[in-house]
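What follows is one structure encoded as structure tokens, with my remarks underneath.
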Amino acid sequence: MGDVILDNVTKRYADVTAVDDMNLDIHDGEFVTLVGPSGCGKSTTLETIAGLTIPSEGTITIAGVDVTTRPPKDRDIAMVFQNIALFPHMDVHDNMSFGLRLRDYASDEIDRRVASAADILQIEDLLDRMPDELSGGQRQRVAIGRAIVREPAVFLMDEPLANLDAKLRVHMRTELQRLHKELETTIIYVTHDQAEAMTMSDRIAVMNEGHLQQIAPPLVCYDQPANLFVAGFIGSPSMNFVDGTVRATEIETEGFDVEFDPSYVDELGEGDEVTVGIRPEDVYPAEDAGELANPTRPIRARTDVLEPMGDEIFVYIILRGEDASDTDADTGAAGAASAHGVDELLMSVEPDSTLTDDEDLEVVLDREKVHLFDTASGDAVSHDIVHSGSVGEQRSAWEGG
Ligand code: ADP
């Protein structure tokens, strides 16, 4: 059984709290990714699970056993790191079996495990090669093979793909998913790359400054981010944010107003400062928005820069305000300096769009996809301002209670 439980784990160094009161409950067989910007405490968290670091406070339980202060060798884990250190003078077979030989496993058991791992990783024909005869991807596979032969209850992986080129990384992503499907072993994976986290994991644990921000399936983090940090970190390009104020049943921002369902009046009070979040794919040219059940009123805008991506086009648009003259809009564009992009939005449109730069247009937002955050605390207030239901109700729907 590969359950891993972190109970109030804190790790302090002299003048920095690397991990602050972390609680995680990872189920047997789950693929959980710790993701967040550099320095947020991902590796330290993983190191406490591995036994490479003893937490300052809190406990760590693996498979029902409190391992908080046990050395790595007494935990049922295997690690794969970013820097693959294969022994240069040993062939692949010996590199993979080294740990087992140290532990005095019988040679037929070693051969069985190496053969099985080599089969899973499709490196059977590399077993006699020396490390310097392998490509980067092959070396990484051998490193993973070395972990697999241990047959641990939990795999811990710290940015194992970071040193591979972009194409190989995407390929190895698929391989790791396949591996997980086959082994059904718990994997705890660390990356700063949100795309990697989104594509591979059963759940992702988003961290910032030592704090766990949200742990949920990738699409829940995408569709129902718990706060501004998660909303901005998950998704590429990032969600648009615009600061606004509640006036009656509308959120007023500099560039546009959005009407919300009156059933939110209880949660949103007159004058509340909220941040409106909208993903680029939920902003539409008004003329393409025919199928939206709940669009905003048309918002006057002008296209700025276009970025054709092949399967979609990213269009930066400058909002011209509901009553603004063209002259005002030009001035506004030049002054667009606010953290929450007072008057610029990023919109994603179909690749066959005929939009050009510096073109006047009207856009609408899908109100069913408008997120609201409390500007002061950053916490999510709503992920759908049309249908009644608080964030708490929306969350309990995906948490199953
Ligand atoms: P991440 O893996 O998310 O990049 P880390 O867990 O490596 O972040 O680091 C979290 C914070 O703890 C950083 O501020 C880092 O500088 C600090 N830190 C990590 N290890 C040590 C250490 N051995 N001594 C002092 N500070 C450390």
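Near Arg279, the amide H atoms lying under 5 Å from its own belong to Asn240; only residues 5 or more places off or on other chains count, and H is placed 1.01 Å from N. In order along the stretch 349-356, the phi-based Karplus estimate (6.51 cos²θ - 1.76 cosθ + 1.60, θ = phi - 60°) of 3J(HN,Hα) comes to 10, 4, x, 8, 4, 9, 4, 10 Hz; Gly and Pro are listed as x. Around the Cα centre of the chain, unit charges on the Cβ atoms of Lys, Arg, Asp and Glu (plus for the first two, minus for the last two) sum to a dipole of about 2420 debye. Remark: the stretch 379-386, residue by residue, has Karplus-estimated 3J(HN,Hα) of 6, 5, 9, 7, 10, 6, 9, 9 Hz, where x stands for each Gly or Pro and the curve is 6.51 cos²θ - 1.76 cosθ + 1.60 at θ = phi - 60°. Only one residue of Val230, Gly39, Thr185 has its Cα farthest out toward the positive end of the dipole of the chain, where Lys and Arg carry +1 and Asp and Glu -1 on Cβ, and that residue is Thr185. Full extension of the segment from Asp352 to Ser38, taken as 0.36 nm per residue of separation minus the current Cα-Cα distance, would add 109.3 nm. For the pair Arg70 and Asp125, a Förster radius of 45 Å applied to the C-beta separation gives a FRET efficiency near 0.70, rounded to the nearest 0.05. Taking the Cα centre of the stretch 4-220 as origin and assigning +1 to Lys and Arg Cβ atoms and -1 to Asp and Glu Cβ atoms, the resulting dipole is close to 220 debye. The relative contact order of the chain comes to 15 percent, based on Cα pairs under 8 Å that sit 6 or more residues apart. Distance between the modelled labels on Glu270 and Asp165, one decimal in nanometres: 6.4 nm (7 Å Cα→Cβ projection). Scanning residues 5 or more positions from Val274 or on other chains, those with amide H under 5 Å from its amide H are Gly244, Thr245, Val246, Thr375, with H placed 1.01 Å from N in the peptide plane.
Compared with the direct C-alpha span, the chain from Ser238 to Glu368 gains 45.0 nm at full extension, assuming 0.36 nm per residue.
In loop segments of the stretch 167-228 as defined by DSSP, there are no trypsin sites (Lys or Arg not before Pro) with at most 15 further C-beta atoms inside 10 Å of their C-beta. Dividing the mean sequence gap of close Cα pairs (under 8 Å, 6+ apart) by how many residues the stretch 229-320 holds gives a relative contact order of 24 percent. Other residues whose C-beta falls under 11 angstrom from the C-beta of Ala63 contribute a net charge of -3, scoring Lys and Arg +1 and Asp and Glu -1. Ranked by solvent-accessible area (1.4 Å probe, protein heavy atoms only, all chains present), the residues Leu361, Leu176 order from largest to smallest as Leu361, Leu176. Candidates Met200, Val4, His93 compared by Cα position along the dipole of the chain: farthest toward the positive end lies His93, with charges placed on Cβ.
By definition, a body whose alpha carbon gyration tensor gives a ≥ b ≥ c is prolate when a/c is 1.5 or more and a/b is larger than b/c, and the chain fits this prolate description.
Taking label positions 7 Å along the Cα-Cβ direction at both Glu184 and Met90, the computed distance is 3.0 nm, reported to one decimal. Averaged per residue, the chain has 46 square angstrom of accessible surface, using a 1.4 angstrom probe with ligands and nucleic acids left out. Dividing the summed -39500 (n - 2.57) terms of all DSSP H runs of n ≥ 4 by the residue count of the chain sets its mean residue ellipticity at 222 nm at -7500 deg cm²/dmol. Amide H contacts of Val190: Leu34, Met157, Asp158, Glu159, each under 5 Å away and 5 or more positions distant or on a separate chain (H built 1.01 Å from N in the peptide plane; Pro and chain starts excluded). For the stretch 39-128, the list of trypsin sites (Lys or Arg not before Pro) that fall in a loop by DSSP and count at most 13 other C-beta atoms within 10 angstrom reads Arg103. The length gained by stretching the chain between Arg247 and Arg101 to full extension, at 0.36 nm per residue less their Cα-Cα distance, is 45.5 nm.
What a 1.4 Å probe finds exposed on the chain is 46% carbon and sulfur by accessible area, rounded to a whole percent.
In sequence order, the stretch 296-308 has phi-based couplings of 6, 5, x, 10, 6, 8, 9, 6, 10, 9, 10, 10, x Hz under the Karplus curve 6.51 cos²θ - 1.76 cosθ + 1.60, θ = phi - 60°, and Gly or Pro positions carry x.
The values are calculated or read from the model by the stated rules, or taken from the named source; none is laboratory data. Here the structure is a predicted model, which is why all the values come from computation and not from measurement. Methodologically, a virtual Cβ is constructed for each residue, glycine included, from the backbone with ideal geometry; neighbour enumeration extends over all protein chains shown. Keep in mind that these areas ignore ligands, DNA and RNA; they rest on the heavy atoms of the full protein, side chains included. Shrake-Rupley method; radii C 1.70, N 1.55, O 1.52, S 1.80 Å.
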